[in-house]
1. Quick check on segment 300-313: of everything there that is of a type outside the set (S, T, N, Q) and in contact with a Lys or Arg (Cβ under 8 Å, 6 or more places away or on another chain), which residue is nearest to Asn171 (Cα to Cα)?
2. Looking only at segment 116-156, filter to residues that are over 38 Å from the mean Cα position of the chain (by Cα) and loosely packed, with under 13 Cβ neighbours inside 10 Å; which one of those is nearest to Arg316 (Cα to Cα)?
3. Please go through segment 68-83 and pick out each residue that is loosely packed, with under 10 Cβ neighbours inside 10 Å and under 30 Å from Leu112 (Cβ atoms).
4. On the basis of being out of contact with any Leu (no Cβ under 6 Å at 6 or more places or on another chain), of a type in the set (D, E, K, R), within 30 Å of Thr308 (Cβ to Cβ) and not in a loop (DSSP other than H, G, I, E, B), does Glu165 make the cut?
5. On the basis of being modelled with pLDDT of 85 or more, charged (D, E, K, R) and out of contact with any Gly (no Cβ under 6 Å at 6 or more places or on another chain), does Glu86 make the cut?
6. Can we say Ala328 is at pLDDT 85 or above and of a type in the set (Gly, Ala, Ser)?
7. Can you tell me which residue is modelled with the highest pLDDT among those in segment 121-147 that are assigned to a loop (DSSP other than H, G, I, E, B) and of a type outside the set (Lys, Arg)?
8. So for segment 44-67 (the condition being at pLDDT below 85, among the small types (Gly, Ala, Ser), at negative phi and loosely packed, with under 10 Cβ neighbours inside 10 Å), does at least one residue qualify?
Amino acid sequence: MNHPPFFKPLALVCAALVLSGCANQPPRSSSSLPPPDTTAADHMREHAVQESQRLLAHQQLLLAEMNKPAPAPVIAPVAPVFDPLEGKLINVAMSKASISQILGAFADAGNLNLIVDPNVLKGGQLADMHLRQVTLREGFNEVLRTYDVAGEFRGNTLRVNLTEEKFFALNFLNTKSSIQMGSGGNVFGSSNSGGSGGGSGSSGGSGSGAQQGNLTMSGSGGTNTDPYLELESALKSVLGDSAQDRAAQQQQLQLQQQLQQQNQGVSAAGLSSSVWAGGPATGRPAALPQAPLATMGEDSGFTLNKMTGTLYVKARPSKMRAVEKMLAQVHKVLGKQVYVEAQLIDVQLSDNFEFGVDWTSLRSRLAAGFGSSPM
């Protein structure tokens, strides 16, 4: 394409005009710039202030809710339990009275029903009791403590039994404890030395020597101890062996029967001889011995469940109080003990572990159990 000859000069003139216009433009200043737009910044500032105030109000509300005192729980009034034994005063003066006579007097004074276990009456215990202006409840408790029997009040009936039953919860760990300590090693180390020498008619050999010492310490923190075994042994000591008690009671009953038979035989022989001789029957049978207190049929015992930690005791009230005191002392001591199971790990120093113990190796061994060899 052919351009006219004046096209190139025209293009050069246009370019020169453009460049001259750019070069002659005056410099810009702050006065020539438009004013800054502060409306958006003001809106953002106001919005931040509003949100801060809203957050502060919410925090104060939460703090007030937290510091607000909880309302006192409404405690419903509990109606007093009527005890007919507390409302009556009695005077008792008895000498060598049995428990049935004393309890019968109490029942008549309080218009109460009375049921006494036959095993209580077999004892034949006698006691003197003189009470002045005491309530039936106090007198009833004194009778139970004096004759060592258990009693309870149900409805309008007094029930007196020879033994009482109770369950105890034992919070003992079913474990055996054993502690052993040991340490030892070469204290002084060892060294070897040798030498040789020669001379006219003499020669020397080599020798070795070592300075070595051993130190061994051992100790034991107690033997294997099972709290349930110790408790079982203590209960047997407190309650006694019921089998041996029954055997002794049977022997005493047999002895009483033999004495009664002998007394009956002696009285019959004396009566027949006096009648045959025509004289008066002056033979008097010997007095029967009083039944000992040990003939009372005690049915005491205990059952210990180690899996659930439950103890069942059936015994006389005096022995039951001894068991309660013993268990309270055991709980007081064992309640302060804590069972901690730990694993000791031997670490052997070497160049491979100069920067410490590689615990990743230990974690890999935990899955299969702790090993006995050192790392």
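The values are calculated or read from the model by the stated rules, or taken from the named source; none is laboratory data. A quick note: this is a predicted structure, and the numbers were derived from the prediction, not measured. Heads up, the Cβs are rebuilt from the backbone with ideal geometry, glycines too, and the neighbour counts pull from every protein chain shown.
1. Tyr312
2. Pro118
3. Pro77, Val78, Ala79, Pro80, Val81, Phe82
4. yes
5. Spelling it out, it is not the case that Glu86 is modelled with pLDDT of 85 or more, charged (D, E, K, R) and out of contact with any Gly (no Cβ under 6 Å at 6 or more places or on another chain).
6. yes
7. Going through the qualifying residues, I end up with Leu126.
8. So far as segment 44-67 goes, no, none of its residues is at pLDDT below 85, among the small types (Gly, Ala, Ser), at negative phi and loosely packed, with under 10 Cβ neighbours inside 10 Å.
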